[in-house]
Amino acid sequence: MSPMLAPPRSSIPCAVAVVEPKTWRPRLRLVGLASITVTFLAASAAPTPLYATYQKAWGFSALTTTVVFGIYAVALLATLLTVGRLSDHIGRRPVLLIGIAGQVLALVVFAEAHSVSALLAARIIQGLATGTAIGAIGAAMLDVDQTRGAVANATAPGLGTASGALLSAFAVQWLPAPTRLVYVVLAGLLMAQAFVVFWLPETSPRAAGAWRSLVPQIALPAQTRRPMLAAAPVLFAGWSLGGFYASLGPSLIDHLVGSASVIGAGLGLGLLTGVAAVTTYVLRAAPAARVMLIGTAALIAGVALVLASIWVGSPPGFFLATAVAGFGFGAAFQGGIRLVAPLAHPDQRAGVLSVLFTVSYLGLGIPAVAAGLAIVRGGGLVATSYEYGLAVILLAGFAAVNLIRLASHNRPTTSTTPTHQKEFSR
């Protein structure tokens with residue numbers, strides 16, 4: 001929020017503190033908000049290493065696994081399209097608290113699940129809760145600091161997904177009652193974070209139009225539309241790879257390794273998203289468009305290497321290729337977020353972030369469910385993996401061509417070129 005747009009000090013006493021990035025308090029708030037995103041995404045990834053346990057206990061198919069995974073994405077998308085802009089009108093804090101309450105409820109249902117129906121119910125609630133909170137958290141981070149907030153928005157999801165998958169895998173391998181313990185721990189952490197949120201200063205003043213904001217729509221401010229054209233295919237491609245690792249990755253790793261190792265099941269998704277999180281932070285100072293183009297190229301190379309490792313049956317090659325793909329995923333996602341999100345005005349931030357996450361979660365859910373359906377219909381796990389990987393490569397290739405074309409089209413010719421076009425052409 002710029003000083004000219006900030007409300008009077010009397011109406012929001014903490015507004016001055018929010019816009020002074022040189023003090024320690026805004027950074028502490030940014031870390032606190034990012035940690036909530038980490039916990040939310042860790043909760044969404046925690047079931048991944050447990051799918052084999054559930055499958056063995058309840059006897060469901062690969063299609064059921066992808067449906068359980070995909071229904072979370074559908075619920076999240078529906079919520080983003082309706083509640084995604086609400087925090088621009090009623091404030092970040094109340095929306096965040098509602099989202100945390102929903103996530104805690106989902107984790108309780110997970111902990112008590114004894115059937116596929118309960119698992120589906122938990123994933124739906126989880127999707128609704130995450131969709132409610134994710135835009136508000138991201139917008140609040142941008143309110144605190146536009147530059148660091150954009151980097152935090154790109155880094156926290158990968159860090160959360162990696163930590164959730166790996167910690168859940170370790171719990172299954174070595175700790176008692178893993179199908180309960182991991183959810184209880186996450187629920188306790190979220191309740192502690194809710195207490196912190198309650199005392200955080202509000203960063204967005206109330207504005208009229210709250211009810212109208214609930215009408216489903218995908219609307220972008222004019223200044224963000226052209227960068228979004230470049231970012232959307234990259235985000236979809238990267239997150240579709242994440243969806244594959246989260247849903248069918250454990251089965252593929254079991255096939256390659258030759259044993260149902262729970263650690264191996266969590267390692268694939270953890271490595272992909274962990275490397276992605278590190279990449280987003282390491283490349284935080286590089287121009288966004290350049291980072292996105294580098295990421296797209298690395299994503300294509302990484303997926304090609306993954307397919308080659310499956311072909312030759314090399315587990316070490318598979319994990320090395322996964323790390324390369326994770327680098328591409330992280331760079332592409334970070335570049336896309338940084339290219340678009342900072343261009344939104346304070347009262348547009350939650351809406352713009354909701355559109356970015358809508359594109360991402362469409363990529364996360366739809367291809368994974370289609371892959372599960374292909375396997376059930378006789379395509380086979382390995383053959384479907386080849387088809388899925390080739391589709392990601394083609395989509396990323398299209399994104400690279402589109403990015404280069406749009407960058408060339410927007411290359412500045414005068415010093416009066418708008419700021420976002422200068423960044424896009426670097």
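For the chain, which whole-number percentage of the solvent-accessible area (1.4 Å probe, protein heavy atoms only) is attributable to carbon and sulfur atoms?
On the way: 12140 of 17100 Å².
Carbon and sulfur atoms account for 71 percent of the accessible area of the chain.
Rolling a 1.4 angstrom probe over the protein heavy atoms, how many square angstrom per residue are accessible across the chain?
Working: 17100 Å² over 426 residues.
Per residue, the chain has 40 Å² of solvent-accessible surface.
I'd like the FRET efficiency for Val184 and Trp58, computed as 1/(1 + (r/R0)^6) with the beta carbon distance as r and R0 of 30 Å, rounded to 0.05. Before the final figure, lay out the partial values.
Details: r = 21 Å, r/R0 = 0.70.
Working from the Cβ atoms, E equals 0.90.
In whole Å, what three semi-axes, largest first, describe the equivalent ellipsoid of the chain built from its Cα gyration tensor (square root of 5 times each eigenvalue)? If you can, show how the numbers build up before the last one.
Details: eigenvalues 226, 142, 61 Å².
That gives 34, 27, 18 Å for the three semi-axes.
Per residue and in cubic angstrom, what volume does the convex hull of the Cα atoms of segment 310-352 have? Working shown, then result.
Values: hull volume 3.3 nm³, N = 43.
Per-residue hull volume (Cα only) is 76 Å³.
To the nearest 500 deg cm²/dmol, what mean residue ellipticity at 222 nm is calculated for the chain from DSSP H runs of n ≥ 4 alone, each contributing -39,500 (n - 2.57), summed and divided by the residues? If you can, show how the numbers build up before the last one.
On the way: 17 runs with 329 residues, N = 426.
That comes out to -26500 deg cm²/dmol.
What's the local net charge at Thr82, with K and R +1, D and E -1, over the other residues with C-beta under 14 Å away? Before the final figure, lay out each step's value.
Working: positive: Arg85, Arg212; negative: Asp88.
Once positives and negatives cancel, what remains is +1.
Which stretch or stretches of segment 110-129 have amide N atoms under 15 Å from the point lying 7 Å from Ala177's Cα along the Cα→Cβ direction?
110-114
What's the angle, to the nearest 10 degrees (0 to 90), between helix 92-111's Cα axis and the longest principal axis of the chain?
Relative to the chain, helix 92-111 is tipped by roughly 10 degrees.
Report the full-extension gain for the segment His255 to Arg212: residue separation times 0.36 nm, less the Cα-Cα distance, to one decimal in nm. Walk me through the numbers on the way to the answer.
Numbers: separation 43, 0.36 × 43 = 15.48 nm, distance 4.98 nm.
Computed gain between His255 and Arg212 is 10.5 nm.
For the residue pair Leu97 and Ala222, what label-to-label distance in nm results when each label sits 7 Å from Cα along the Cα-to-beta-carbon direction?
Rounded to a tenth, the inter-label distance reads 3.9 nm.
Counting pairs of alpha carbon atoms under 8 Å apart in space and at least six apart in sequence, what relative contact order in percent does the chain give?
The normalised contact order for the chain reaches 24 percent.
So how tilted is helix 24-45 from the main axis of the chain? Cα-based, degrees 0 to 90, rounded to 10.
So the inclination is approximately 30 degrees.
Report the rotationally averaged projected area of segment 287-408 based on its alpha-carbon convex hull, in square nanometres. Could you put the intermediate results ahead of the total?
Working: hull surface 33.3 nm².
The Cα convex hull of segment 287-408, projected and averaged over all directions, gives 8.3 nm².
Protein chains only, probe 1.4 Å: how do Phe319, Phe170 rank by accessible area, largest first? Numbers along the way, then the final one.
Details: Phe319 45, Phe170 90 Å².
So the residues, ranked largest to smallest area, are Phe170, Phe319.
In nm, give the distance between the simple-model label positions of Ala121 and Trp199, each being 7 Å from the Cα along the Cα-to-Cβ direction.
Inter-label distance under the simple model: 3.6 nm.
Take every Cα-Cα pair in segment 245-351 and report what % of them are more than 25 Å apart.
30 percent
Select from Ala208, Ala150, Ala331 the residue whose mean-square fluctuation is largest in a Gaussian network model of the chain (Cα-Cα springs shorter than 10 Å).
Ala208
I want to verify the translational diffusion coefficient of segment 156-260 in µm²/s; compute it with Stokes-Einstein, Rh as the Kirkwood radius over Cα pairs, at 10 °C and 1.306 mPa s.
On the way: Rh = 18.5 Å.
In µm²/s, the coefficient is 86.
Which residues does the label zone of Tyr281 cover in segment 159-191, counting backbone N under 11 Å from a point 7 Å along Cα→Cβ?
Within reach of a label on Tyr281: 159-160.
Based on the alpha-carbon gyration tensor of segment 110-172 and its eigenvalue square roots a ≥ b ≥ c, which shape applies: rounded if a/c is under 1.5, prolate if not and a/b is larger than b/c, or oblate?
Working: a/c = 4.60, a/b = 1.78, b/c = 2.58.
The shape class here is oblate.
Compute the angle between helix 222-247 and the longest alpha-carbon principal axis of the chain, please, reported from 0 to 90 degrees and rounded to the nearest 10.
20 degrees
The values are calculated or read from the model by the stated rules, or taken from the named source; none is laboratory data. Worth saying up front: this structure is predicted, and the values here are computed from it rather than measured. FYI the Cβ positions are ideal-geometry reconstructions off the backbone, even for glycines, and counts take in every protein chain you see. Quick note on the areas: whole protein, heavy atoms, side chains included, nothing else; ligands and nucleic acids left out. Shrake-Rupley method; radii C 1.70, N 1.55, O 1.52, S 1.80 Å.
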